């Protein structure tokens, strides 16, 4: 089923179909994989610590358990945002390029426009970048970007970088003269 | 990843400075609609010994396997099914399901439809940010807005000074880029033509250096990208 993105802007609605964009879908992949002595591909599995059960992919299931130990469907769960529940919906607003450049992009979606309102297009005509989230609690941020290739949705997170002055040199270099008794060799 | 980078400015001077990764909060934890915390737990459905491929070896054909399944329920392990896995170790299995104690590596290249194009012995790629050759400005400037609309920057690092001399060096770079309102394409190797590789055998990225200043403070950031904002199918290999 095709996923869609609905954007409400000044009382109008725009909608897009959404497709995740990755290097694999754009350029293909180049990956390293383990092979056995005959060059056949190997697969990873999990071995329980007691050595009793060998668990290749497909032999386990992940459940979400609440504080009573009852299973909760994944679709019912919401991201915790400071105890306030789901993030509030926000109107898209144009933003400067620096705001997007100050974020690390986690996921990119290519959007195919189904219906784009004139209001949304007018907003994007300025910088070509609109922020879609309300900027709550500095968590996940979402940007709608329009360029010559079309529309994209970028989901990221603020970098948290701050301006530094002359007295803020990064001196966090490990101290060679530090104590040697905290080398926990048992954990190696 | 090295926390150091050797970088050259537009005037051809280079210095070794610190790189600081992002301070990300990560994805927020999940909770129930009424705000109660949940815990993810992994349970065993059926261990390896009860899978079709293993059970199939016990019977000459599928019909007899079907009979075995009906009569003896060999696919169900009452001791294992529903158990929490607890902590596990990762092991590698060959296609026959045998645990391997040592493996080789192959590099597999696939096109965007997932079709394998080539398989070869992997070559080690060293990191190139803290070697003898610095990361250099290519001279190609890209306005901030165009960079933001054209690339997805999936990794970013802040460059920081370690003493007064490197403060002057980085502050000058940030001011130059701020005045230009642009990012500069930087790279490794002669003329900065090679992509940036942060770790040994790491993912190669194209790098752009962006800078801003506020009074005597600066923010100099290395933006790394390996993904262009375009529609699938528009890129030609």
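Values in this text are rule-based calculations from the coordinates and carry no lab data. All values reported here derive from a predicted model rather than from experimental measurement. As a convention, Cβ positions derive from the backbone with ideal geometry for all residues, glycine included, and neighbour counts pool all protein chains shown.
Derived value for the protein assembly as shown: Kirkwood hydrodynamic radius 25.6 Å. Basis is the mean of 1/r over every pair of different alpha-carbon atoms.
For residue A:18 and residue B:73, FRET efficiency with R0 = 51 Å and r from the beta-carbon atoms, rounded to 0.05? Working from the Cβ atoms, E equals 0.70. As a proxy for reagent exposure, ranking B:137, B:4 by other Cβ atoms within 10 Å from fewest up yields B:4, B:137. With a 10 Å cut-off around each Cβ of A:150-159, the average count of Cβ atoms from other chains is 4. Can you tell which of B:34, B:79, B:111 shows the greatest fluctuation in a Gaussian network model of chain B with Cα springs below 10 Å? Looking only at B:34, B:79, B:111, the largest GNM fluctuation is found for B:34. Rounded to the nearest 500, the helix-only mean residue ellipticity at 222 nm of the protein assembly as shown stands at -3500 deg cm²/dmol, with each DSSP H run of n ≥ 4 adding -39,500 (n - 2.57). Rounded, prolate or oblate: which one fits region B:111-237, using the alpha carbon gyration tensor with axes a ≥ b ≥ c (rounded when a/c is under 1.5, else prolate when a/b beats b/c, else oblate)? Here region B:111-237 falls in the oblate category. Taking a ≥ b ≥ c as the square roots of the eigenvalues of the alpha-carbon gyration tensor, region B:90-139 is classed oblate because a/c is 1.5 or more while a/b is no larger than b/c.
With viscosity 1.567 mPa s and temperature 4 °C, the Kirkwood radius over alpha carbon pairs of chain B converts through Stokes-Einstein to a diffusion coefficient of 56 µm²/s.
Shielding value for B:82-89 is 5, the average number of Cβ atoms from other chains within 10 Å of each residue's Cβ. Going by neighbour counts of Cβ atoms within 10 Å, the residues B:161, B:23 line up, fewest first, as B:23, B:161.
Over region B:32-157, Cα pairs under 8 Å with separation of 6+ residues give a relative contact order of 16 percent. Between the Cα long axis of helix B:62-72 and the first principal axis of chain B there is an angle of about 70°, rounded to the nearest 10. Segment residue B:132..residue B:216, full-extension length gain: 27.2 nm, with 0.36 nm per residue of separation and the alpha-carbon distance subtracted.
Counting Cβ atoms of other protein chains within 10 Å of each Cβ in B:42-50 and taking the mean gives 5. With contacts taken as Cα pairs under 8 Å and at least 6 residues apart, chain B reaches a relative contact order of 22 percent.
The modelled label-to-label distance between residue A:122 and residue A:8, using points 7 Å beyond Cα along the C-beta direction, is 1.9 nm.
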